[in-house]
1. Assess whether residue B:321 counts as being within 22 Å of residue A:302 (Cα to Cα) and assigned by TED's automatic domain parsing to the domain that holds residue B:151.
2. Pick from segment B:281-297 the residues that are at the interface with chain A (Cβ under 10 Å from one of its Cβ atoms) and touching a residue at least 40 places away in the same chain (Cβ under 8 Å): which of them is farthest from residue A:138 (Cα to Cα)?
3. Does segment B:148-187 hold any residues that are assigned to a loop (DSSP other than H, G, I, E, B) and among the small types (Gly, Ala, Ser), and which are they?
4. I need a count of the residues in segment B:115-147 that are polar (S, T, N, Q) and not in a loop (DSSP other than H, G, I, E, B).
5. Here are some conditions: (1) within 17 Å of the chain's Cα centre (by Cα); (2) buried (at least 24 other Cβ atoms within 10 Å of the Cβ); (3) outside the structural domain of residue A:292 (by TED's automatic domain parsing). Residue A:121 meets all but one. Which one does it not meet?
6. For segment A:199-254, name all the residues that are crowded, with 21+ Cβ neighbours inside 10 Å and hydroxyl-bearing (Ser, Thr, Tyr).
7. Give me the pairs: first residue in segment A:32-43 and surrounded by fewer than 18 Cβ atoms within 10 Å (Cβ to Cβ), second residue among the acidic types (Asp, Glu), beta-carbon distance under 8 Å, and six or more apart or on different chains, which are they?
8. Go through (1) within 12 Å of chain B (Cβ to nearest Cβ); (2) at pLDDT below 95 and name the single condition residue A:234 misses.
2 protein chains.
Amino acid sequence: MARKYSNLDLVDQIDGFPNITTHPEAFAKRTADHARFMHGPHIVGYIIPMVLEALKDVALSGDWWDITPGVVRLRGETVEERTKNIDETTRRWRDAKRFEILSGWRDERYTIYAPKGAPCFYMERSAHPLFGVVAYGAHMTVYIPATPTTPLRIWVPRRAAGKSTYPGMLDNTVAGGMGDGVGPWECIIKEAGEEASLEEDYVRAHAKAVGYVSYFYVRHKEAGGEAGLLQPEVEYCYDMIVKDASEGGPVPKPFDGEVAEHILMDVDEVVENLEAGKFKPNCAAVLLDFFIRHGILTAENEPNYLEINARLHRRFEFPTR
Amino acid sequence: MARKYSNLDLVDQIDGFPNITTHPEAFAKRTADHARFMHGPHIVGYIIPMVLEALKDVALSGDWWDITPGVVRLRGETVEERTKNIDETTRRWRDAKRFEILSGWRDERYTIYAPKGAPCFYMERSAHPLFGVVAYGAHMTVYIPATPTTPLRIWVPRRAAGKSTYPGMLDNTVAGGMGDGVGPWECIIKEAGEEASLEEDYVRAHAKAVGYVSYFYVRHKEAGGEAGLLQPEVEYCYDMIVKDASEGGPVPKPFDGEVAEHILMDVDEVVENLEAGKFKPNCAAVLLDFFIRHGILTAENEPNYLEINARLHRRFEFPTR
């Protein structure tokens, strides 16, 4: 396969929003026409002009938002009131077919946080990129360690061709968004069953928390819905060592139709597919973090080692979980 | 031991300089009287008022610096010229006993970087915190994995009581600054021999690169020299699994007098000593990263999990290696 992307290019794909620390001018230019989505003195997201227009239309007919130049606030004194107000907004947009992204409505709630981990409000999962608020997920890399004769191998799923987001692209072994108040550990257990038919007891005994990646994604067309929507994101990462199937190790199998097949790839094959752009962008980020933690990417073989790892642990201006 | 520090407190200890992304007002307030140390359009460090005064004195007698309000530039068209100019400056300060920190003069060169990993200039190691420029080091955690009957255990050195910096404090198994153009891998091999008497061939075969921690340290009194000096830092991290000594595993031993003893501590003992503030601050950071990568600290048992990990991968405004 042709080498289309360097590792830094892969990071650029998933962390495309300018960083105020390293690129203050690009940040100022980019955010000049974005409204800050504020809660008290805290910024919880950014609203791009296309969405701001739609909010102004909604504000004409509802009583849900305070819109002043450069700043948008969700009305409501309580979590429940704010949740109701953003729900009314997004349902109205959905019914009016205002945003293509809402055609993927899921009836699943994401939590948006105030400081100290307190919920600020809950909102429909498919709508969160309209508000540039932080989303959370959990990803697991299931792998067979290297032996003296065999390189490290990773179980890599190919997404179903019919999926609305990133159809046919390669994925992390297990991955899912954290909706409905489920924490990362319970999320990964559930997804391991749903996506890879991995038994709950086995996963509970063998999966290991290993950190997370965070980045500020500017959505591509392949993400589904409008391109250019903002998706700051935290993906909790898990590793799970398994044995080769010939030694009784579990073999991930499609279960719920979201995955077409699971392919056992050695590191070189994973790298080739990364470089060719075959992986879903945030799954590439998880794999780069895996490579760094496992001594596959090092300061000696990757010239952008420091930038890659720092950008995969982006610190947000928003309160987080 | 009394629990003096939470994990977030330990991060505060080592990452004490305000972050513009999360605390823009504190950052502006803190840096209001700091000069930017610029190279072309790039900021390579911060100069605090005490050092700015000394630079102005030097500027009277030398031709090494351009000092304008809020901005300091090192003169010189080439790496060699800039290196000579900062060398003249720091030697003059040393000879005049202007800064206590220079009493620890080491005659070892640190590299300060321009963009794209090119050297901007070289400077005396002991002087770098006077200029708030990024320093680099390599740290290794040597550990015996958990067994069904024994918890994970880490080899922990106690620094010699006579050391000028952090005397008597606990340290990472192997750690050292990256001077004289040595890369992180060669640095850790060398230090493993010098600090822990670990054989070079063994370390080359068993040490594994696992990432790095980066943070912006505001020096404490225990660091030696003036408190309040600025030390943004990158520590490349390595793990090395060893067997128990009873199974033939290597036992780290003091070699060059910098270490008093090596203690084998289980995770609970390490945690107790961390909480009691017994570890050198940046070694605490490396251990927190180790705990995160090894599933010991998780999103479920550490409320500040996201903040801790993001702050341990701080992205700097400075060009880096």
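The values are calculated or read from the model by the stated rules, or taken from the named source; none is laboratory data. Owing to the predicted nature of the structure, the values given are computational and were not obtained by experimental measurement. All Cβ positions, glycine included, derive from the backbone under ideal geometry; neighbour counts span all protein chains shown.
1. Working: within 22 Å of residue A:302 (Cα to Cα): yes; assigned by TED's automatic domain parsing to the domain that holds residue B:151: no.
Against the criterion (within 22 Å of residue A:302 (Cα to Cα) and assigned by TED's automatic domain parsing to the domain that holds residue B:151), residue B:321 does not qualify.
2. B:289
3. Start the filter on segment B:148-187 by keeping residues that are assigned to a loop (DSSP other than H, G, I, E, B), which leaves B:148-152, B:160-169, B:171-173, B:178-183.
Listed by number, the residues that qualify are B:160, B:161, B:162, B:164, B:168, B:179, B:181, B:183.
4. Restricting attention to segment B:115-147, the residues satisfying the condition of being polar (S, T, N, Q) are B:126, B:141, B:147.
Filter again for not in a loop (DSSP other than H, G, I, E, B), leaving B:126, B:141.
Total satisfying the criteria: 2.
5. Answer for residue A:121: the failing condition is (1).
6. Hits for segment A:199-254 are A:212, A:214, A:215, A:217, A:236, A:238.
7. Close Cβ pairs (under 8 Å, with a partner that is among the acidic types (Asp, Glu)) amount to A:43/A:317.
8. Exception for residue A:234: condition (2).
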